[in-house]
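Peer 1: Structure incoming, see below.
The values are calculated or read from the model by the stated rules, or taken from the named source; none is laboratory data. Given the structure is predicted, the values throughout are model-derived calculations rather than measurements. When we count neighbours, we look across all protein chains shown, and the Cβ atoms used for this are built from the backbone with ideal geometry, even at glycine.
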């Protein structure tokens, strides 16, 4: 190689290097200028600087937000409001005032996500997949008008096939059947599985379809909701996907989760949320009637459907959870598979514990994700220091997502206690204002607590240094996991 060639190669190398560095630094500037949570910004900056090439790709795919994207047009929003306008059992929030904590929470939920408050409702709680799917399949087979079904995961295994056959049979019988499945969550299901549904007349569509290698940014925005509406009078919401592991345990001896069967006026809110997601994919709004009326039962429940996602103006789930926890006067009991709280939520739990409220946190001892388990465990010391009672569920995978507040408030749904659910996923939970519902969830919690190991501070702090180091390292990436 002569001197001229060497100079040319050197010039090219420096040009490429400087351009590459400029791209990385420009991306860092973009991350910082977005004025996000500083912890999250620092996590992305760390990734970009430590592994610049891979970090840039990861940021393009996973790091950008879509808060400016309108999920539904103003015209369709007005049509949605009319969809539930004639529903009886809706409580006018203006009549509640704002002095009581429960009223403040109801006002907040409405301000953030338009959550109407309904009275005269009822909920059956499922704490295992066997009972839940038995009830769901029975309701589907009894459908006469329409079925709207939305799940993050629909697997083409035994229970998924049973569900598909039930939906296909109803579609052939003239029932309008719509299905939304998340394209990433359900990626293991064969295309033929959904083609068979469509061939039978089921309108089945993937949410935010991702085509490899053109992943784009939408791979990061997943629909994690699990809701069903049948004939306008029965609904389902909770944490269970459609997969055999919710019955068999999968890779665990057991798989614990919670799901609700809803009846009463609150079904209208499930129908409206499904309609929003259906329209978001470019489909016309479903306009079937919602005929649920207030139930005449001994202990009717008040309900409010809360929803959030990357298109929300505010961090809906975070703010509602933080307000509910801060309002507590006696106890806060929390079950979650992943515990990566925002600073505000962590402080709210610590504040309640330091004020001598009964604060309990239950996590799985073994998880379906080692990275999330390590990151989750890194927060336990801070909880213990404030007086939070921490329990590790031992029989299997604890996948429940529930918060129990005092004696008359609880929430169950799809939202995990982590950054992904709070910021990136489309989530849905039901706020339930009811003493009887609260008691039922406490019974389930106490049964799970009996199968759990309570974490003792001295034992926890004396664990191997390598284990604690791994947890601390993974916590650095908690905001982007």
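Peer 1: Does residue 328 qualify as being over 22 Å from the mean Cα position of the chain (by Cα) and in the same structural domain as residue 417 (by TED's automatic domain parsing)?
Peer 2: On the way: over 22 Å from the mean Cα position of the chain (by Cα): yes; in the same structural domain as residue 417 (by TED's automatic domain parsing): yes.
In short, yes.
Peer 1: Any residue that is touching a residue at least 60 places away in the same chain (Cβ under 8 Å) and either crowded, with 20+ Cβ neighbours inside 10 Å or in a strand (DSSP E or B) (or both) - is there at least one of those in the stretch 186-198?
Peer 2: To start, the set of residues in the stretch 186-198 that are touching a residue at least 60 places away in the same chain (Cβ under 8 Å) comprises none.
No, the stretch 186-198 has no match at all.
Each row is one residue, and each column tells you yes or no for (1) modelled with pLDDT under 95; (2) surrounded by fewer than 19 Cβ atoms within 10 Å (Cβ to Cβ); (3) more than 19 Å from residue 258 (Cβ to Cβ).
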position: 338; (1), (2), (3): no, no, no
position: 347; (1), (2), (3): no, yes, yes
position: 360; (1), (2), (3): no, no, no
position: 371; (1), (2), (3): yes, yes, yes
position: 435; (1), (2), (3): no, yes, no
position: 440; (1), (2), (3): no, yes, no
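Peer 1: Does residue 138 satisfy the criteria of being part of a helix (DSSP H, G or I) and in contact with a strand residue (DSSP E or B) (Cβ under 6 Å, 6 or more places away or on another chain)?
Peer 2: Values: part of a helix (DSSP H, G or I): yes; in contact with a strand residue (DSSP E or B) (Cβ under 6 Å, 6 or more places away or on another chain): no.
Against the criterion (part of a helix (DSSP H, G or I) and in contact with a strand residue (DSSP E or B) (Cβ under 6 Å, 6 or more places away or on another chain)), residue 138 does not qualify.
Peer 1: Another question, then. Restrict the check to the stretch 269-277 and report whether at least one residue is part of a strand (DSSP E or B) and touching a residue at least 60 places away in the same chain (Cβ under 8 Å). First the steps, then the outcome.
Peer 2: Taking the stretch 269-277 first, the residues part of a strand (DSSP E or B) are none.
No, the stretch 269-277 contains no residue that is part of a strand (DSSP E or B) and touching a residue at least 60 places away in the same chain (Cβ under 8 Å).
Peer 1: Of the conditions (1) in contact with a strand residue (DSSP E or B) (Cβ under 9 Å, 6 or more places away or on another chain); (2) within 30 Å of residue 398 (Cα to Cα); (3) part of a helix (DSSP H, G or I); (4) assigned by TED's automatic domain parsing to the domain that holds residue 243, residue 124 satisfies every one except a single condition; which number is it?
Peer 2: Among (1) in contact with a strand residue (DSSP E or B) (Cβ under 9 Å, 6 or more places away or on another chain); (2) within 30 Å of residue 398 (Cα to Cα); (3) part of a helix (DSSP H, G or I); (4) assigned by TED's automatic domain parsing to the domain that holds residue 243, the lone unmet condition for residue 124 is (3).
Peer 1: I would also like to ask the following. Is it fair to say residue 418 is more than 22 Å from residue 475 (Cβ to Cβ), touching a residue at least 12 places away in the same chain (Cβ under 8 Å), in contact with a strand residue (DSSP E or B) (Cβ under 8 Å, 6 or more places away or on another chain) and not assigned by TED's automatic domain parsing to the domain that holds residue 181?
Peer 2: Numbers: more than 22 Å from residue 475 (Cβ to Cβ): no; touching a residue at least 12 places away in the same chain (Cβ under 8 Å): yes; in contact with a strand residue (DSSP E or B) (Cβ under 8 Å, 6 or more places away or on another chain): yes; not assigned by TED's automatic domain parsing to the domain that holds residue 181: yes.
No.
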